[in-house]
Structure formats: structure tokens, C-alpha cells
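Student: This is the structure I want to talk about, given as C-alpha cells.
No value in this document is a laboratory result; all are computed from the given coordinates. Since the structure is predicted, the reported quantities are computational estimates derived from the model, not experimental observations. As a convention, Cβ positions derive from the backbone with ideal geometry for all residues, glycine included, and neighbour counts pool all protein chains shown.
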Amino acid sequence: MARLTASAGRSTVRVARKASEAEGAGETGLSRLIQVHAFSSAGDTAVTVGLAGTMFFSLEPGQAKTQVLLFLLLTMLPFAIVAPLIGPLLDRFRHGRRWSIGATLALRAFLCWVLAQTITDESTWQFPVALGVLVASKAYLVTRSAAAPRLLPDALTLVKANGRLSLAGTVGAAIGGGLAGAAATFGSAWALRVGFVLFALGTVLAILLPPRVDSSVGEEQAPMRDLAASSTGGQRLGISGNVVTALRANSGLRWLSGFLTLFLAFLVREHPLPGWEDRTSLLLGLVIGAAGVGNAIGTMTGALVKVSSPRVIVLAALLADAVMVVVAALHFSVVTAVAVGLVAGISQQMGKLALDAQIQDTVPEDVRTSVFGRSETVLQLSWVLGGILAVVLPANAKIGMVTSAVLLVLWTAAVIIWHTGRKLPVPAGARPATVIARRRERAAGQKGAPQKGVPAPGPAHPRTRPVRRRPPPPQSYDNPAHDPGAEEDDVDRTVPIDRGDPGWRPPPRRGPADQDDDRRDRWSSRFRE
């Protein structure tokens with residue numbers, strides 16, 4: 001039996017290595033990055049298992065909610081302040097990107113070992129150490145996303161390369177979760193020690209990445225306001241509106257993922273569905289497993305589907321999530337809970353692949369690293385907001401699913417309206433044009449408020465607005481009359497006569513030809529003179 005298991009393990013490793021090196025990925029070094037990502041995802045899953053055993057399963061539902069909410073507030077929200085500093089910090093070490101990737105893995109390995117000790121001692125340092133693991137994990141994602149295009153072989157597209165990375169991450173998460181779950185039977189600290197081993201192996205593989213990863217000629221930093229710009233407004237630094245639309249859609253997908261993860265976990269513990277009272281762990285495993293299967297399906301589908309524009313993928317994924325959540329809100333059962341987890345997993349994975357491909361394809365290389373960092377920050381905070389709402393709401397299936405359905409439908413409508421170039425409805429009151437006009441009047445020293453009894457001016461109608469005409473073309477000085485340096489005698493100066501001048505004569509009345517038969521004779525006589 002042991003020989004059979006070892007043989008199966010070696011065969012699996014050979015197949016996985018052959019798949020990762022296909023289509024030139026082995027020659028460029030992309031296969032090594034795929035292996036690094038698999039170990040990173042496995043380690044992150046081990047950390048999740050260790051923290052879940054400490055703050056969720058070992059406590060009562062009420063205490064678990066308080067603990068999870070405290071964890072979100074003390075670790076996730078400070079990430080909003082720390083995360084914008086990750087991009088500029090990594091920009092200083094772009095010449096050694098493989099060492100940056102290795103440093104993020106090594107730091108997580110060290111913090112996992114420290115976190116295991118704090119859990120054993122029940123120390124209050126759990127939250128700061130967990131925050132460090134989170135920051136290092138997101139720093140790795142930023143650096144890995146910027147390194148992937150530099151290892152892309154000619155036979156692969158960015159969408160397929162991202163699909164391979166995501167699939168490797170899903171497989172690594174499944175293996176790491178299994179190892180950590182087995183180790184957690186001896187205590188949550190042992191799951192974190194498994195994470196230490198996985199991160200240490202990933203560090204070695206990261207250092208062995210090819211030197212071409214370190215090339216970063218001409219990269220600069222992109223400000224956060226570029227990601228918040230309107231999808232139809234001006235483009236700053238080459239960041240297109242499609243990137244903004246994809247990021248907004250992915251924010252909704254990630255928000256739903258965070259909400260469902262925590263809400264269904266607390267719902268299954270406090271109010272299990274009929275017939276599942278004694279099998280709550282199995283029910284939770286079905287929902288989480290459906291989400292994992294959805295991630296794998298989304299990865300493979302995103303790599304195989306041929307779509308001309310990734311924005312079609314993100315909008316379709318957001319619509320699919322909204323429809324499925326509405327169905328679950330109308331009729332919540334085991335089947336709809338599993339279906340919602342499956343659809344959410346597929347949509348989140350396909351949306352993320354489309355966003356990465358959109359950034360890697362359209363964003364200039366000089367700002368790509370910074371854009372990746374800020375997009376990861378937005379997505380992480382979206383997950384946190386969904387998790388906070390799940391903890392705050394009561395563990396009631398009807399209330400939770402209806403609330404999430406309403407919010408997601410509203411967000412989907414807003415994203416579509418923004419994408420089509422329209423503006424959201426503005427409440428009644430002073431219009432933006434009026435406010436701007438009043439501010440300009442006050443700045444000029446005039447009274448901004450209208451006089452009593454006189455209505456405020458409304459926005460100008462397009463037909464009444466002054467038309468801006470193009471300036472006349474520059475005059476040519478080929479004609480001496482227009483040459484400022486011409487001689488006085490060479491210039492034939494013609495002065496126009498106004499109607500009020502004494503020498504003005506009205507022009508001859510022009511009528512039909514039959515009313516002036518001798519017109520040709522009169523003109524001929526003038527020329528003969």
C-alpha cells in the first residue's frame with residue numbers, strides 16, 4: 001500500500017510538472033513561477049485553517065462573531081493604510097523582483113512560526129502577526145502579477161498564463177488545506193507550522209527564478225485616482241475605462257465572496273438547515289467545496305473561452321452572480337446554497353482572470369506594477385466589507401440573502417450605467433452646473449445667491465450654449481497687401497465704407513432677369529469706357 005501511494009504521488013508530480021512546462025513555459029521560466037504560486041497558495045490555506053480553528057470552530061457562535069469582527073477590524077482595515085505603501089516600496093526593488101518574491105515568502109514563513117507560538121501561549125500578539133502575514137501575502141500577489149508578463153512564452157497568451165497560475169493555486173490550496181487539516185487534529189498551531197514548511201519551500205523556488213524577471217526598464221508609479229476615474233472620462237497615463245469597469249465589477253464579485261464565506265459559516269453553525277442538524281460540518285464542507293470547484297472551473301473556462309474583450313467576461317460574471325443570489329434569496333435550500341457557492345467561485349475566478357489580462361494588455365508597462373498593487377488593495381477591501389456585513393447581520397437566511405441580493409443588484413446596475421457612459425440619477429436640488437456658476441461668481445466678488453423672488457439659473461440648454469469656432473488660419477504674406485514690410489506705394493489700401501458715411505450708396509436691387517433686360521448692355525458699356 002505504501003509503495004502504491006508513493007508511486008501515485010510520483011506520477012502526479014511528473015504530470016503536474018509536464019503540464020506546467022508545456023507550450024514553452026519551461027524554457028522561459030513560467031513553470032517555476034507556477035510552482036512558486038502553488039506553494040504560496042498552499043501556505044495561505046494552511047494559515048487560514050490554523051486561524052479558523054482558533055477563532056471560529058473552538059468558540060461559541062456569539063464569541064466567534066466577536067472574534068472574527070475584531071480580526072477584520074484589527075487586521076484587514078489597517079491593510080487599507082498599509083497596502084498603498086506596498087507598491088511604492090516594491091518599486092524601489094524592481095531590479096531584484098525575484099528576491100522580492102522570495103522575501104515575501106520567507107517573511108510569511110517566519111511569521112507563521114511566530115503565530116503558532118502566540119496561539120499556543122494565547123498571546124495578544126496574534127492580530128499584529130496575522131496582519132504581517134496578510135501584508136506579505138498581498139505584496140507577493142502584486143510582485144507575482146508584475147513578473148508574469150516577463151516570463152510569458154510566445155505560444156501562450158496572458159489569459160492562458162494567468163489561468164495556469166490560478167489553477168496551480170487552486171491545486172496547491174487543496175493540497176495545503178488537506179495537510180493543514182490533518183495537522184490541525186493535533187492543534188491549530190501545527191497547521192501554522194505546516195504553512196511554515198510550505199512557505200520555506202516556496203522561498204527556495206522563488207530565488208531560483210530566471211534573471212529576466214528582474215528587468216524593469218522605465219517603470220513608474222500610477223496614482224490611485226486613475227483607478228477611480230470614470231470609465232468614459234479622460235484616460236490618465238494610459239489606464240483605459242475598460243480597466244476601471246473590470247475593477248468595479250470584480251469589487252462586486254469579491255464583496256459577495258467575503259459575504260458568503262462568513263455568513264454561510266455562521267448560518268450553518270447557528271441555524272442549520274432541516275435535516276442537517278447533526279451534519280453541519282458536512283454542509284459547510286459542501287458549500288466551501290462547491291466554491292473551490294467553481295474556482296477550478298472558472299480557471300479552466302477562462303483559459304479556453306475565446307472572447308474579444310475581457311469586459312464581456314467581467315460584466316457577464318457580475319450578472320450571473322446577481323441572478324444566482326436573487327434565486328437563493330427567493331428560495332434558500334441546500335441546493336441553492338451549493339449552487340450559489342459554485343457560481344460565485346466560477347464568476348470570481350473568471351472575473352479576476354479578465355481583470356489581470358486587461359491590466360497586462362492595456363496598461364503601459366511603466367505603471368503596471370503600481371496598478372496591480374492598487375487593484376489588489378481594492379479587491380481585498382471589498383472582501384472585508386462583505387465579511388463585516390456578514391458578521392453584523394443576524395444569522396437568518398432570509399434576511400442575509402435578501403440584503404445581499406438587493407445590494408449586489410444595485411451595484412450591478414451602477415456598474416452597467418457607468419460602463420455605458422451615463423450618469424447615475426442626481427437627487428432634486430441645485431444642479432452641478434448651478435453650483436459651479438455660483439462658486440465662480442463668489443470668487444469674482446459677485447453675489448452668488450440669486451435675488452429674492454428670482455429663480456436660480458438652471459443649466460444651459462445645449463442649443464443655447466455658445467459655439468466655439470476654430471480660429472482662422474494664419475495669413476499668408478504672398479500678397480504684398482498683407483505684408484507688414486511692403487512699400488507704401490505697393491499697397492492698394494481699400495477702406496470699407498459704413499452705412500452712415502456720406503459716400504455710401506445702396507447696392508443695386510437685384511430682381512429676376514425679366515425685370516432688367518438691358519443689364520448686360522449697361523455692364524458692357526462700363527467696361528468699354
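Student: Sorted by mean Cβ packing within 10 Å, highest first, what order do the peptides 374-384, 400-410 take?
Tutor: 374-384, 400-410
Student: In what order do Met300, Met350, Met324 fall by count of nearby beta-carbon atoms within 10 Å, going from fewest to most?
Tutor: Sorted ascending by nearby Cβ count, the order is Met300, Met324, Met350.
Student: So, one more: Between Phe127 and Thr157, with labels modelled 7 Å along Cα→Cβ, what's the label distance in nm to one decimal, could you check?
Tutor: 4.6 nm
Student: Oh, and also: Between Thr120 and Thr420, how high is the FRET efficiency from 1/(1 + (r/R0)^6) when r is the Cβ-Cβ distance and R₀ = 56 Å? Nearest 0.05.
Tutor: Efficiency for this residue pair is about 0.50.
Student: As a footprinting exposure proxy, order Phe372, Phe196, Phe186 by other Cβ within 10 Å, with the fewest listed first.
Tutor: Phe186, Phe196, Phe372
Student: Calculate one ³J(HN,Hα) per residue across region 341-355 by plugging θ = phi - 60° into the Karplus curve 6.51 cos²θ - 1.76 cosθ + 1.60, and present them in order as whole Hz with x for glycine and proline.
Tutor: Once θ is set to phi - 60°, the couplings for region 341-355 become x, 5, 5, 5, x, 5, 5, 5, 5, 5, x, 5, 4, 5, 5 Hz.
Student: Report the full-extension gain for the segment Arg212 to Phe186: residue separation times 0.36 nm, less the Cα-Cα distance, to one decimal in nm.
Tutor: Residue separation times 0.36 nm, minus the Cα-Cα distance, leaves 5.0 nm.
Student: Counting residues in region 241-284 as N, plug N into 2.2 N^0.38 Å and put the Cα Rg over that result.
Tutor: Working it through for region 241-284, the quotient is 1.70.
Student: Could you work out how far apart the two model spin labels at Val406 and Glu27 are, taking each label as a point 7 Å from the Cα in the direction of the beta carbon, and quote it in nm?
Tutor: Between Val406 and Glu27, the label points sit 5.9 nm apart.
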